[in-house]
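Here's the structure, in structure tokens; my notes come after.
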Amino acid sequence: MERFCILLRNSLGKKKEKGLIKSTTSKVDVLPGTLLILMYVDNSHHSQHSYNQYVLETIDQDNVEVRCSVDDFKEISRDAYDLLITIPTCNERITIYLHESWLKDGLELNVGDYVEVYDKASAKDLIGVLRFKGNVEGIKGIHFGVELIYDRGRGTSDGVFRKQRFFQCRPESAIFVGLHRIRKHMGTPPKPPPSPTPGGAQFSSNVLGLQIGDRIVWMSDLGPEYGSVKWIGLLPDSRSDDDITVGVEFDNPVGSGTGKYRDQRLFTSKQNHASLVPILGLLKEKDFLSMQQEGAEADFNMADYADDRGKSKSEILEEQERLLLANKKSQSRKVAGSCELSERTAQIEPPPPPHQPAGSSKGVNPLYEYTRPEKEYIPELGNMLITDDDLLPHGSQGPVLSSSSRAKNLPEMQPDPDLTVGSLVEVMSQKPLYGLIKWIGNLPDQKEPKKLIAGLEMEEEINAGTDGTFGLHRLFTCPPRKGFFVPLYKCRKDKRFTDDKLMHIHSDRSINFGSTETPDLEGTVSPPDSLWDVSIICGKGKGIQGHHNSCYMDATLLAMFYFTTVFDSILYRPKNAQDILEYSEVQQVLKEGIVNPLRKHHYVRADKMMKLRKLLDKVGKIPGMMSEEKDPEEFLNLLLNEITKADPFLKICTETNNQDVQHTFFYQLIMEKDERLVLPTTQQLFELSFLQMGIKLQEVPSCLIIQMPRFGKEYKMYKRILPSLELDITDVLENVPRECIICGDLAMFECKECYHVHGDSLSTIAFCEGCKRTSHQHKLRVNHKCRQIHVPQWYLEKYHAKRAQGQAMAIPREKMELFCVICIQTSHYVSFVKTGKGKDAKWIFFDSMADRMGEQSGYNIPEVKECSEIPRWLSDEYYKDIMKSPDDKNLPEHMRRLICDAYICMYQSLDVMKFN
């Protein structure tokens, strides 16, 4: 039976692999709060000590053995272990363990209890009710699923966690946490949340006293519209219990559906007679008719009418008028389902007069239109909120702009005078349509009164699109099916950018990033699991969108965070006194605005990157961050060294003085060119640089960022460089066991001057004492200066003990895995990125500016492509095939960019990452 323990004091451990002790830095620090399994009690040294040594192995850090006294750890139950294992840091874990009531509460919490959940974004405790407590497939330990009561919108799901449903609640009202973020609520029990029901919560009573079947009146711009109440309740994404919505079946076809909301059936009605309306936008039919009748009588008695709230009839009329006015204003900003509108609703064509015969042109209820599921939309032209006569379909030949009889009775709409060629606009449509004005004028043969027409290049292809032609006339040029002609007054400024202060940094009209928004995403989002089907992340509009020379940052950030957590410490480190003022803001923008959306939705729009660039520019360390070309190493140095001050990945020491240590984030390959290397690998160049510089790595880094021996596009030391899929760093590590090149025994010396004698590798310069003496008796080597290799004493004892028993002891190698190659070609950076860990993980190619929509006033389109051939291209077997193609133009495009344009290679140690 396993005996679980928690470490109370800092201890030293030894790393094991396949049953053999292995060391990378002689010893491994094991922190208080580490969870362990008790293996056995070692009393072999009892005569020397007054206590037994307990031998334990870590659970968090695989295969690390710890020897300690009985006072250094405490045994815990399996239930306590299941709660503590979900806590990510040792510090938080030991804190909760020592806080006995916290751990006790966690053990005793049951579904239905009221709890407080710590929200990192607001640094506040949110009150909720515990809906789930248990195991989650694929994750160790016990997790808690909480439905938030007062803070809907701060959650992360509707009860789904890691693609599994554990309970049902409103969207963004559920949150799943470990014990470190949850406590039992000790105050007065809060108001219970409403029970979730499919399609939203329904209500039996409301402020107007409406019930299912009641007759109501909705005041349209052209008069009252009558209907029957078919449903009352809260929509699934309502933010407040006050957002009561009424499902109405209108007598006339002034609706736009049959009672469905986002694929859920709320009620049933005739086609195009259903609408969802805020309750404050309605009147009871009997009240409305009564007001009409009494308003026509001069001698009606106002005191005869009062509602159950004690208000007079005049007060009711005044209040209802105010509510109707407020509702009309609110409709220009808000729709059911939290859809945001703007002033365009004021221009929406009103519904027909009451009791209009069926079959006539229908009006539109904006509340329902903006929440209809996309698959219910009819083709784009049928969704336009303009009269049928105003539509300018593909291939129109003659006069098409006559006004309908209904439009003649409406005030003439005037176009926005600020709209010009180059303006980014939204066409007033039930499904938002965005485009760029490429032409303004009157069409050939256009009837009087002539209206100004806008020729638009749309963001996306549409059914009625052209290539910029109208009939037989070419008025502008654009890609096929993207040209669209519409009356200018039907266009308004693109609301996505008019209120964003960040977009005002440029005075021209060139800021446009496309229609796909990427809202900030709070919480912790892990990288996607290893993707067998990479098609879900591939295609145009994937990755990070580039803008104004941002490719150096786009390619680097995607490589750093998309599929690996090796850099995640900079996303979560709390601010300290030494940090810059903008530290927390930079961290939040990076995490919630870029990394989380990238990992979850596989896309980050350029405005989020511009926000980060603006903050980096504000720091002022590197001028021109908003628009100028930069190099990835400049950005890395600014982000990792100047702003986040993350722990350095590399600790480099000189061979002559082990105390002379340099802490850095990346290593630039500096060396004299070796003309014998025709197609060098990063392995060869890495070893050659360390050899010539006379330096060593003091320990195994979690990440190794290597800059190739080149300077941007100006200079390349080698025409081609082959990135090594694995980087063996054993021979550049200080105080690490190595094998003798001649006999294979434990090496005790290395001779730099013997490089090239046995091959071009640092593994060929290590000798045991006997082989070093024999090989250096030759007259050509007698003057070689050999340097002693400092092998840890514990390893020497273990090695000689095995030899005395006639057993061999394998000497392990330290290897790191390639996970990214950033390339540069003519000042443009792209990246090749591995989508997971291990040899079977697939690769992708990313270009943040692969395509473009529009010209000077357009925007870039990023693209991700699968590159399944990379492991084969970089294999030893393919080396000769590459050598047979001396002309780079004969290589496949991606292979050419990979080996000819490699600029930075990033490697990670999967073993060391487990300790971070």
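The values are calculated or read from the model by the stated rules, or taken from the named source; none is laboratory data. Source: prediction; values computed, not measured. Every residue, glycine among them, receives a Cβ derived from its backbone with ideal geometry; neighbour counts consider all protein chains shown. What goes into the accessible areas is simple: the full protein's heavy atoms, side chains included, and nothing from ligands, DNA or RNA. Shrake-Rupley method; radii C 1.70, N 1.55, O 1.52, S 1.80 Å.
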Considering only protein heavy atoms and a 1.4 Å probe, what is the carbon-and-sulfur percentage of the accessible area of the stretch 795-916? 45
Cα extents of the stretch 760-837 along the three principal axes, largest first, in whole Å? 56, 38, 18
Could you state the principal axis extents of the C-alpha atoms in the stretch 74-147, from the largest down, to the nearest angstrom? 33, 25, 25
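Can you give the Rg to Rh ratio of the stretch 678-774, both from alpha-carbon atoms, with Rh computed by the Kirkwood formula?
1.01
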In whole Å, largest first, what are the principal axis extents of the Cα atoms in the stretch 566-673? 50, 36, 29
Cβ crowding within 10 Å averaged over residues, with 101-110, 766-775 ranked highest first: 766-775, 101-110
What distance in nm separates the two pseudo spin-label positions at residue 77 and residue 672, each 7 Å out from Cα along the beta-carbon direction? 7.0
Quarter of the surface of the C-alpha convex hull for the stretch 634-720, i.e. direction-averaged projected area in nm², equals 6.6
Kirkwood hydrodynamic radius, computed over distinct alpha-carbon pairs, for the stretch 789-916: how many Å, to one decimal? 18.5
Can you order the peptides 587-598, 551-562, 155-166 by their average number of other Cβ atoms within 10 Å per residue, highest first? 551-562, 587-598, 155-166
Taking a crude spin-label model, label points 7 Å out from Cα along the C-beta direction, the residue 752 to residue 805 distance in nm is 3.9
From the backbone phi of the stretch 630-638, what are the Karplus-calculated ³J(HN,Hα) couplings (6.51 cos²θ - 1.76 cosθ + 1.60, θ = phi - 60°) in whole Hz, Gly and Pro given as x? 10, 9, x, 5, 5, 5, 4, 5, 5
With θ set to phi - 60° and the Karplus curve 6.51 cos²θ - 1.76 cosθ + 1.60, what are the ³J(HN,Hα) couplings of the stretch 619-627 in order, to the nearest whole Hz, using x for Gly and Pro? 4, x, 6, 10, x, x, 5, 7, 8
What is the extension gain from residue 889 to residue 92, computed as 0.36 nm multiplied by their sequence separation minus the C-alpha to C-alpha distance, in nm to one decimal? 281.3 nm
Between residue 604 and residues 5 or more places away or on another chain, the pairs with built amide H atoms under 5 Å apart involve 543, 544, 545
Using the alpha-carbon centroid of each, what span in Å lies between the stretch 588-656 and the stretch 98-149? 34
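Give the peptides 486-493, 456-463 in descending order of average Cβ contacts within 10 Å, highest first.
Output ranking for 486-493, 456-463: 486-493, 456-463.
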Rounded to two decimals, what ratio of Rg to Rh does the stretch 606-659 give with C-alpha atoms and a Kirkwood Rh? 1.16
